[in-house]
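Data first, discussion second: the structure below is written as structure tokens.
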Amino acid sequence: MMQALRKTCDRTSRFFRNALAWRPPERQYFGVAWGLIAGAVWLAVGLAGDPGWALPALAGCYLLVLLASVCAIDGRYGIIPDSMVLALAVGGALQAYLSAPEDFWWRGFEALLVFAAASLFRAGYRWLRGYDGLGFGDVKFVAAGSLWIGAEGIPGLLLIAVVSALVSLLILRREGHDLDGKQAISFGPHLAIGLWWIWVLGQQAV
């Protein structure tokens, strides 16, 4: 377990060094990497002077580290490990319980609805187009992420993710990659930046 954790840390640090410095092969995630950092700064500024800063600060650190790892693994290998999805779900459930225990079960029900809706969208897309437009790992990630932001935050998450993915595609095209409608890209990093910013903005609203 320690060896796997060390490998994940090494991959994550290498991913962000390349992305932040505009170096291949992670150059297309330049906006994702800097977006995670900008969100962390925004959160820190918003929590300054808040007497209840401890819980959102700890939750934010946990979420940021986890999302950074998702970006590194999915960005390089095109897969979101189930262990990371589970860690995201457990962290979201714990945060939901500690921050609003009266809404805990409702938040879990919302996650099930989001999972069902995302699964139906994935199946419908495949039926219409003949190939997958969304990986099953992405479906599980969105459902687990809804434990952090609620179902009401999912449209904003997806909007940010789509814009981020379009920016990455423009960078790839600028680099000379031949892209078509069936081009497969790792959507996990873009879902991660969407989840991060919707959660951070939610903390500011609270």
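We did not get these values from a lab; they are worked out from the coordinates using the rules stated. A quick note: this is a predicted structure, and the numbers were derived from the prediction, not measured. Glycine also receives a Cβ, built like all others from the backbone with ideal geometry; neighbour counts cover every protein chain displayed.
Would you work out the charge dipole size for region 1-147 about its Cα centre, treating the Cβ of every Lys and Arg as +1 and the Cβ of every Asp and Glu as -1, and quote it to the nearest 20 debye?
720 debye
How compact and how long is the chain, expressed as Rg and Dmax of its alpha-carbon atoms in Å?
16.9, 53
Over all alpha-carbon pairs of region 1-96, lay out the pair-distance distribution in 10 Å bins, whole %, shortest bin first.
In order of increasing distance, the bins hold 15, 42, 34, 10, 0 percent.
Find the centroid of the Cα atoms in region 89-103 and in region 56-72, then give the distance between the two in whole Å.
Value for the Cα centre distance between the two parts: 16 Å.
Between Ala38 and Ala21, 0.36 nm times their residue separation minus their Cα-Cα distance comes to what?
Taking 0.36 nm per residue and subtracting the Cα distance, the gain is 4.6 nm.
Hey, with R₀ at 25 Å, roughly what FRET efficiency would Tyr125 and Ala48 work out to, going by the Cβ-Cβ distance, to 0.05?
Taking R0 as 25 Å, the efficiency between Tyr125 and Ala48 is 0.05.
Starting from the 7 Å offset along Cα-to-Cβ, what nm value, one decimal, do you get for the label separation of Arg6 and Leu159?
My value for the distance between the label points is 4.5 nm.
Across 5 Å bins from 0, what is the distribution of all Cα-Cα pair distances for region 57-112, in whole percents?
4, 19, 24, 21, 18, 10, 4, 1
Tell me, in nm to one decimal, what length is gained between Arg173 and Leu55 on full extension, where the rule is 0.36 nm per residue of separation less the Cα-Cα distance?
The span from Arg173 to Leu55 would gain 38.3 nm if fully extended.
Is any helix in the chain, taking whole DSSP H runs, at least 24 angstrom long along its axis by alpha carbon and on average at least -1.0 on the Kyte-Doolittle scale, and which ones?
Helices meeting the span and hydropathy rule in the chain are 2-20, 30-47, 54-77, 82-99, 104-129, 154-174, 188-205.
For Val90 and Arg14, what does the FRET efficiency come to when R0 = 35 Å and r is the distance between their Cβ atoms, rounded to the nearest 0.05?
In this case the efficiency is close to 0.85.
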